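For reference, the structure discussed in these notes is given below.
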Amino acid sequence: MNRRAFVSGLAVTAVLAGLASAPARADGKRVALVIGNGAYTSVPALSNPPSDAGDVAAALKRLGFAVTLITNGRFDEMRRGLIALGRAAAGADMAAVYFAGHGMEINGDNWLIPVDAELKRDTDAANEAISLQSVMLQVANTTSLGLVILDACRNNPFAAKMSRSLATRATAGSGLGRTEPVGNVLVAYAARDGTTALDGDGRNSPFAAALLRNIEAPGVEVTFMFRNVRDDVMEATRNEQQPFVYGSLSRKAIYLAGAPPAESAAAKQANAAPAAAALSTAPATAAGAIDPALVGTWEIMVASGRGQSRWIWQIMADGAYKFHAEPARSARPHEGTVSFANGRWTLHALRGLKNYSDGGSYEIHDTTAVITGKLGTGYWKRSGG
């Protein structure tokens with residue numbers, strides 16, 4: 001396990017009960033277009049997208065977005081809505097599009113399907129559907145973040161009835177295809193490329209329900225927020241559905257619901273490069289000094305290509321710590337010395353990791369520790385064992 005992987009253990013965020021507070025007001029202009037398409041005229045209807053969209057629109061409004069909501073959007077209505085969003089997004093701090101409904105890949109391009117689409121042939125998509133590429137372009141001219149969220153990977157009945165053009169060599173597949181956004185754009189799929197998402201039996205789809213649980217959590221950087229959504233969806237679907245996020249942002253931390261309360265000049269963003277002077281600028285704490293509230297066992301859940309792993313930290317009263325992971329292959333065990341006192345902490349690995357130190361600030365909230373280190377702010381949860 002390298003240094004960045006080790007420190008990521010300190011910065012993995014999980015939304016935990018008892019930490020939520022009123023979201024911070026947006027610092028700049030935020031605009032959003034939310035579309036929920038369920039009443040399709042050429043294929044069976046979807047039950048959840050209109051309610052998914054309405055609930056997400058309400059959450060975005062609480063986060064300071066000026067929201068346009070379209071329910072059961074026809075092609076012209078969706079097209080006009082995107083044009084208006086693109087104009088409003090120019091120079092805005094953030095712009096977001098949320099779409100729930102049918103989406104599909106046709107010959108390498110991804111399309112969002114309006115309720116009036118017929119799509120009798122694959123070549124009809126350009127005239128009856130909205131391309132994902134055009135959606136990404138509409139949110140690209142912001143100063144901070146362009147965000148596209150697609151709960152649109154459902155098993156698609158259009159594909160079965162669509163005729164394939166002789167001029168093409170590929171037909172529609174399952175779900176959406178991989179996308180490569182550029183600049184400050186993130187694209188979140190309810191199910192990773194080439195797979196399908198569940199519509200759900202309740203008011204919201206599994207993805208929408210997870211998004212609604214996490215999107216207003218304060219102090220969670222946006223990329224970590226989507227990791228929490230991923231974990232919630234995989235748990236709810238018993239690993240049948242894996243959300244995926246495409247795009248690469250700069251090291252600047254971006255918060256939808258406000259920065260963490262512990263953030264200061266020494267508390268850098270979660271995806272920042274380690275600062276060489278981070279330890280030297282932090283007020284010194286006595287070696288081995290331990291806040292009694294930190295003594296015990298703490299854990300975080302970490303996602304990887306092999307699934308979730310449980311990372312466990314044992315903090316002893318004498319200033320020693322031990323770390324191990326379950327399953328063991330997911331991270332190397334290590335141990336060393338740690339100090340927690342007066343809101344500051346330092347750590348020095350002695351075995352298992354060579355020449356590694358970290359430090360920053362901390363806060364205790366009952367069974368949760370808010371830990372800020374070199375890579376940002378994350379949350380530890382007190383473990384039962």
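With r defined as the distance between the Cβ atoms of residue 316 and residue 178 and R0 fixed at 41 Å, what FRET efficiency is calculated, to the nearest 0.05?
Efficiency for this residue pair is about 0.35.
Tell me, what ³J(HN,Hα) does each residue in the range 51-67 have, in order and in whole Hz, if you take phi through Karplus 6.51 cos²θ - 1.76 cosθ + 1.60 with θ = phi - 60° and put x for Gly and Pro?
6, 4, 5, x, 6, 5, 4, 5, 5, 5, 4, 5, 8, x, 7, 7, 10
Just how far, in whole angstrom, is the range 35-84 from the range 173-230 if you go by their alpha carbon centroids?
After rounding, the separation between the Cα centres reads 16 Å.
For the range 183-192, take each phi angle, set θ = phi - 60°, evaluate the Karplus expression 6.51 cos²θ - 1.76 cosθ + 1.60, and give the result in whole Hz per residue in order, putting x for glycine and proline.
x, 9, 10, 10, 10, 10, 9, 5, 9, 4
Hey, can you grab everything whose amide H is under 5 Å from the amide H of residue 220? Only 5+ residues off in sequence or another chain; H modelled, so Pro and N-termini drop out.
Counting only residues 5 or more places away or on other chains, the set is 257.
Among the listed pairs 61/252; 29/120; 61/381, which are separated by more than 32 Å between their Cα atoms?
29/120
P(r) for the range 117-240, please, calculated from all Cα pair distances in 5 Å bins and given in %.
Per 5 Å bin, starting at 0, the Cα pair percentages come out as 2, 10, 16, 19, 19, 15, 10, 6, 2, 0, 0.
Each reported figure results from applying straightforward, stated rules to the coordinates on display, with no laboratory input. All values reported here derive from a predicted model rather than from experimental measurement. Positions of Cβ are backbone-derived with ideal geometry, glycine not excepted, and every protein chain shown enters the neighbour counts.
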